[in-house]
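The next block holds one structure in the form of structure tokens; read it before the comments.
Read-outs: derived from the displayed coordinates by stated rules, not from any lab. Not measured: the values here are computed from a predicted model. As a convention, Cβ positions derive from the backbone with ideal geometry for all residues, glycine included, and neighbour counts pool all protein chains shown.
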Amino acid sequence: MSGRTIDLDHAATTRLRPEVLAAVEPFRSERYGNPSGTHALAREALRALDEAREQVAALLGCRPGEVVFTSGGTESDVHAVSGGLPPRPGLPVCSAAEHHAVLDTVVALGGRVVPVDRVARIDPDALADELDRLAAGARSGAGPGAGVVSVMLANNELGTRTDLSAVAEVVRRHAPGVGLHTDAVQAAAWLDLSVEAAAADLVSVSAHKLGGPRGTGALVVREGVGLRPLLPGGGQERGRRSGSVDVAGAVGLAVALQASVDERDRVVPRVAARRDRLVAGLVERVPGLRPTVLGSAGVGVLPNFAHVGVDGVEAEPLLYLLDRAGIRASAASSCSSGALRGSHVIDAITDAGAPFRGAPLRLTLGPDTSGADVDEAVTAVAAAVDRLRSHAGRAVATGARAG
């Protein structure tokens, strides 16, 4: 290894883009006005906020009035799934492979969790059956019907893409009038949400996944979709989210989203090719390593995602050795305050019959990941796995001699 650090954990977070930093800085210093005020400094802040809202709306394929600025993907997800305070009538429904911001909210509200297939896409037949059961219960007075359906546009652990239009068709047929929410946090940097998320009534995005500031996101709320505020108080954001709006964050989200859109046509093919090179190198150099999703017929995957299973090792020591070698990687999503815990996504696909074995390893590239980065990462993973397997072999031999 060269001694430099290689970031292959872009799904967790990304470096702030230089153009975002330049755009944001004035609103954290001399242009610090509160857009709810009436004086000149406040009016300047309001203009900047309105311009950011218009830009985000254009890029997400919605109207400016349908954009609610939030503190990030988690808040957007919780708001969309709950419907605000008090929660919307009806039970929320989601897949078993959703981000915990969605999954835990659904469970907390007594909702329904639907199985997924072997690559973490929601099972459409199971979704239809669940919606039918809820509708029948509502008709008979035995229980509430569905209140909202939440399905990720792209899974944050495996990178698997979902055909949201097909999910929307199931919802329309089996639960007419029920809204569809999608967590598009991982997808926003790589897919055209104005097209890919068009079927959703509610769409969550987060700035720090695409080179924007942490603590900033947005929730698209299509016209006609009922939503109470999750944060009541001052009535900002058209009464849908109270609190002084973070103008700098909104500007940063708009600039980061625009930069991602502007570079997408040239970045996506390059990153996908390097991701494929990474996976091919790992398969060649590491016996017992298998891609989790790539190669499955008819399955779309985000261009920067490489998720594999590695036989004969455990995730925690593997990540430790990779970190020592300067490779940033992860075993699952980064939503556990740094704790390494089992992946509910792996559990969900295993329940669906996926033959997953070994330690999960998620490697996610960024726009600037180079071919040299990929080659060094392959070497580092191979060396780490060899070391762990050798250590395990020595431990078994020592135990056998002691016995």
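Rounded to the nearest 10 degrees, the angle from helix 315-324 to the longest Cα principal axis of the chain is 90 degrees.
Mean-square fluctuations from a GNM of the chain, with a 10 angstrom spring cutoff on Cα atoms, peak among Asp132, Asp368, Asp117 at Asp368. For the stretch 18-259, the spherically averaged projection of the C-alpha convex hull amounts to 12.5 nm². Inverting the pair-averaged 1/r between distinct Cα atoms of the stretch 1-119 gives 18.1 Å as its Kirkwood hydrodynamic radius.
For the Cα atoms of the chain, what angle does the longest principal axis make with the long axis of helix 40-60, in degrees from 0 to 90, nearest 10? Orientation of helix 40-60: about 60 degrees from the principal axis.
At an R0 of 51 angstrom, the distance between the Cβ atoms of Asp262 and Ala136 translates into a FRET efficiency of 0.55.
Projected onto planes of every orientation and averaged, the convex hull of the alpha-carbon atoms in the stretch 77-218 covers 8.2 nm². Once R0 is set to 60 Å, what does the formula 1/(1 + (r/R0)^6) return for the Cβ-Cβ distance between Ser296 and Ala22, expressed as a FRET efficiency to the nearest 0.05? Once the sixth-power term is evaluated, E becomes 0.90.
Model label sites at Ser242 and Arg63, defined 7 Å from Cα along the beta-carbon direction, differ in position by 2.6 nm.
For the stretch 224-313, the C-alpha radius of gyration divided by 2.2 N^0.38 Å, with N the number of residues, is 1.75. Multiplying the residue separation of Asp104 and Glu30 by 0.36 nm and removing their Cα-Cα distance gives an extension gain of 22.6 nm. Using the Cβ-Cβ distance between Asp351 and Ala40 with R0 set to 51 Å, the FRET efficiency from 1/(1 + (r/R0)^6) comes to roughly 0.30. Taking other C-beta atoms within 10 angstrom as a stand-in for reagent exposure, Leu365, Leu60 fall in the order Leu60, Leu365, fewest first. For the chain, the antiparallel share of DSSP beta bridges with both residues in that region comes to about 60%. Taking the fewest neighbouring Cβ atoms within 10 Å as the starting point, the ordered list for His174, His100 is His100, His174. Note that the stretch 210-222 has calculated 3J(HN,Hα) couplings of 9, x, x, x, 5, x, 9, x, 8, 10, 7, 10, 4 Hz, one per residue in order, obtained from phi through the Karplus relation 6.51 cos²θ - 1.76 cosθ + 1.60 (θ = phi - 60°); glycine and proline are x. The C-alpha atoms of the chain define a longest principal axis, and helix 73-82 lies at about 60 degrees to it.
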